[in-house]
Amino acid sequence: MTQATTDKPGVGGRTAGSVALLMASRLMARGIDFVTLIVLARTLSPQDFGLISVAMTLIFVVEAVSELPIVQSLVRLDRVGRSHLDTAFTIGLMRGGILASVLALAAWPFAIVYHDMRLIPLILFLALSPVTRGLQSPAMVQFARRIDFRRDLVIELVSKLCGFTVATVLAVTTHSYWAIAAGTVATPVMSMVQSYLFAPFRPRISLKRWRNFAGFLGWASLAQALAALSWQSDKLILGRFIGKADLGRFSMAADLSSVPEQVLVVPAMRPLMAGFVTMRASRERVANAYQRIVLTLLSFAVPGMVGLSLVAEQLVPVVLGEKWVAAIPMLRLLALAPIFVVWVSPLDPMAMAMDRTSIFLRQRLIEIVIKIPILVTLIWHFGVMGAVVGRVVTNMIMMVVTMGFVRQLCGLGILRQIVAPWRIALSVAAMAGVIGLLPDEIRHAPSLFGVIATVAVGGLTYAAVLFASWRLVGRPEGMETMLLGRVMALIRR
């Protein structure tokens, strides 16, 4: 149905173009999410967000446990035929049925444990979200194999606008937490509908090609089950021992802290796997590509994350309102936690492309063994701030552990991985220093002007130091070269 993927000229350019396109798409989509978050935060209470957070924790865990990387399985095949697509759809359908059944059975005991019967209808309704996500047209894989993600941009933006409209209308008219739930479900439903419009596919129930998925899904699914417990462990523990208002503030801070990663990093993962597939025969090429990708991702993500931490005191009152001020200390620290995840994020697409997904299981086992004791201890002694510190600490430890797996796959030493982004660290330090020297009228003013001015000064400082250091070290091939080339191309036009 689609041609075999080959390592032909231009694949690097298509990969880079796709990353840029998906980053632009995610930036616009997260912009919609951000506006939605502002409307909901100003309309609803921290208690409402806390209740939804508890319900979504169960949804996330069950969904992640049952998550099957079907698209990735199809991308790595030499050829994809109709029987592969039928099998992919059937696996997704079976997963959806199992997921819905598990959530229906778990809703009542979960509500009892967390002392709130409102969780039962919420969980049953929110279950529609992961079920519909798994039923999208498998024929969309034909575009992923071509490293063509233009349709994904349209699907994501239209879906986000649909979710925004539903959530905003209900929030303004009802002032109920159901507005968050309705918007959460509307987005994947619209995404599923659009996938069949862009990639028409008449489903047929078949497991004929199960063997093409079995080994890949087995390792990845087991690792995903452990990752689910790790990802939601802080909220699971907090939801049992603190009030819903504090949990709502923690969830809000966590959501805001994830914006730079979601915008700048997550979109890059999909085309990166296809790019790694084309060079997996050469360990040296994979290592060089991995290092360049890490530096590119960090150069965009780190200033956003550090900057968010620095402007938290200004941003929260202006954007969310005074009732969220208690979330500022949480946001300052949580904004830094994703840095250590981004530092090693290309491991996943690289391991999938090299058919080394068994690494995920070892990685998640180590993460669980490290994270749960740290979180339990810190939350027991320090409450919600213990969860914040625990997330930062465990992310730092897991970054070093993951660097060890990178060394196994492509030969990059741990010290080399740590030292490589030194220019980014220097530029961010300069940015933080300059922001710290700003007048109090700007630096500490809880106003939109203060936020914009601080961000502008910090961003210009970071860019200036980064490009100056790039010139001083001899203009090595990297993100700066790519940006300069694009600018020169535009000037010549």
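The values are calculated or read from the model by the stated rules, or taken from the named source; none is laboratory data. Computed from a prediction, not measured in an experiment: that's the story for all the values here. Positions of Cβ are generated from backbone atoms using ideal geometry, with glycine treated the same way; all protein chains shown enter the neighbour counts. The area values use the complete protein model at the heavy-atom level, side chains included, leaving out ligands, DNA and RNA. Shrake-Rupley method; radii C 1.70, N 1.55, O 1.52, S 1.80 Å.
Here are some notes:
- For the range 444-467, a residue qualifies if it is open to solvent by 30 Å² or more (accessible area, probe 1.4 Å), in contact (Cβ under 8 Å) with a residue 60 or more places away in the chain and in a helix (DSSP H, G or I), and the qualifying residues are Leu448, Val455, Gly459.
- Residues satisfying the stated conditions in the range 136-167, i.e. open to solvent by less than 30 Å² (accessible area, probe 1.4 Å) and modelled with pLDDT of 90 or more: Ser159, Gly163, Ala167
- Residue match in the range 309-316 (condition: in contact (Cβ under 8 Å) with a residue 40 or more places away in the chain and farther than 19 Å from Gly450 by Cα): no
- Residue match in the range 157-168 (condition: aromatic (Phe, Trp, Tyr) and within 20 Å of the chain's Cα centre (by Cα)): yes
- Complete set of residues in the range 335-349 that are assigned to a helix (DSSP H, G or I) and either out of contact with any Leu (no Cβ under 6 Å at 6 or more places or on another chain) or without any contact (Cβ under 8 Å) to a residue 24 or more places away in the chain (or both): Pro338, Ile339, Phe340, Val341, Leu347, Asp348
- Test result for Val406, farther than 20 Å from Leu295 by Cα, at pLDDT 90 or above and open to solvent by less than 50 Å² (accessible area, probe 1.4 Å): no
- One residue from Val388, Val400, Val393, Val434 being surrounded by 18 or more Cβ atoms within 10 Å (Cβ to Cβ), assigned to a helix (DSSP H, G or I) and modelled with pLDDT of 90 or more: Val388
- Only a single criterion out of (1) open to solvent by less than 70 Å² (accessible area, probe 1.4 Å); (2) in contact (Cβ under 8 Å) with a residue 60 or more places away in the chain is not satisfied by Trp470, namely (2).
- Trp108 satisfies every condition listed in (1) among the aromatic types (Phe, Trp, Tyr); (2) surrounded by fewer than 16 Cβ atoms within 10 Å (Cβ to Cβ); (3) modelled with pLDDT under 85 except (3).
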